[in-house]
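The values are calculated or read from the model by the stated rules, or taken from the named source; none is laboratory data. Since we're looking at a predicted model, the values are computed, not measured. Backbone-built Cβ (ideal geometry, glycine too); neighbour counts: all protein chains shown. Side chains included, ligands, DNA and RNA excluded: accessible areas come from the protein's heavy atoms. Shrake-Rupley method; radii C 1.70, N 1.55, O 1.52, S 1.80 Å.
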Amino acid sequence: MLQKYGPQLTKLERDSSSNTLALSLLALSNLSLLSLAILCGTAQLSVGQIALLAVFPGSMFSLWTLQLLHDCLHGSLLNKRQQKFMFGKVKRRTLQDAILFWGSMPSVFGYYLYLKYGHLTHHKSLGDPKAASLEKLFDSSSKEFEDGDVLFVAHRMKLKGKVGPKFTVGGREITMSISKTGFNNWREDKPFWNAVVFATSFMYERFMLMINDVVVAITGRNYFFPNKPKEFHKECAKYCRCAVMVRGLLWKMAGWKSLLFLYLSETLWSIPPHPACAMFVTNHGSNVDDGGGCIPSSSTYAGRWYSLFTLGTNYHCEHHDFPTIPLHRLGELREIAPEFYKEGSNDNVFRIMKKAFSKPEFYACMDAGIQHM
């Protein structure tokens, strides 16, 4: 692709950034989430009404927050030609870190720790069976997660390796994994059952993450990752203390319903039948191309409104090809190099979900030969 379209692609990578657009949308998303959370508590809305607000627009704003912070992490949010900001007083890296940290609030479990410690390594280790193991992820002494996406895909995809995390209780070693416990109850060709199991395990785990944030804020240590260095636990504690403080203020202002809204907004876009779930559960499967080769990343093309609703998160294959191209320019890759990407824009998101929950695939072409035997 680079040999054929090098000049156009290089220009996109080198010069384009989401900049003013992204910062404006990040402010809009977070202020909207904050305002709606307060509204849910102060207006005494019912749980049903809160759920509807979380489905839309809450889930959209939460997904936008993730995508915009994701752009920040890859260095494509701020002007790429500028190294200092705010009248030359703030370095690029310092500003990016601040946006990533504070831009992830308000939330009930948030995206910060995954983005900081698990996303860039995900790009590096995608499909590596040595990295994509729950045991490796939880036992590792590395500051970064070997592949942060393993934390999500374990709920819905096949992985190699042993399971984690492990705890020692009363002299006995106990393995405890919410994701694998749920996934082990899947039944082949039972998409509705599997979708319910996935939603249950995923939402329960996210609720427990919210509880764990309080534990980390109090103790200063994330006990799920006992071997990680002090720097990791220090950053976890700093983030959790700030995040829990924001949640505490929200509870005081608007009660528990404000946090319920945020919890639902952060989880519902990931589970069926939410349309965004289609691209979330299929972005790293084991699809096979016409030549019999396995494709570890895929995109969902369901029209312009879908791309807007997901803020370009659906262009996942394009993103892995060129990680530093900003979210609003990813769609141009299909125009520049159409033969390298799937044709059409009429993907049926509900059929995609049905297929994904009918028969689980290996994560990112891991053991693709076994997958298609």
### Message
Among the numbered criteria (1) assigned to a loop (DSSP other than H, G, I, E, B); (2) open to solvent by 10 Å² or more (accessible area, probe 1.4 Å); (3) of a type in the set (A, V, I, L, M, F, W, C), which one does Trp64 miss?
### Response
(1)
### Task
Kindly indicate whether Lys238 is among the charged types (D, E, K, R), surrounded by fewer than 20 Cβ atoms within 10 Å (Cβ to Cβ) and on the phi < 0 side of the Ramachandran plot.
yes
### Task
Could you list all residues from the range 161-180 that are surrounded by fewer than 16 Cβ atoms within 10 Å (Cβ to Cβ), part of a loop (DSSP other than H, G, I, E, B) and either touching a residue at least 60 places away in the same chain (Cβ under 8 Å) or touching a Ser or Thr at 6+ places or on another chain (Cβ under 8 Å) (or both)?
Lys162
### Query
When the range 351-366 is examined, which residues are found to be surrounded by fewer than 16 Cβ atoms within 10 Å (Cβ to Cβ) and within 16 Å of Tyr306 (Cβ to Cβ)?
Arg351
### Query
Just to be sure, is Glu339 in a loop (DSSP other than H, G, I, E, B) and either among the aromatic types (Phe, Trp, Tyr) or modelled with pLDDT under 95 (or both)?
no
### Query
Could you list, in sequence order, the residues of the range 129-155 that are open to solvent by 10 Å² or more (accessible area, probe 1.4 Å), within 13 Å of Val281 (Cα to Cα) and either part of a loop (DSSP other than H, G, I, E, B) or at pLDDT 95 or above (or both)?
Asp149
### Message
On the basis of being part of a loop (DSSP other than H, G, I, E, B) and within 25 Å of Pro129 (Cβ to Cβ), does Ser345 make the cut?
### Response
no
#### Entry: Single residue of the range 318-350 satisfying the filter (touching a Phe, Trp or Tyr at 6+ places or on another chain (Cβ under 7 Å) and surrounded by fewer than 22 Cβ atoms within 10 Å (Cβ to Cβ)) that is nearest to His74 (Cα to Cα)
Gly331
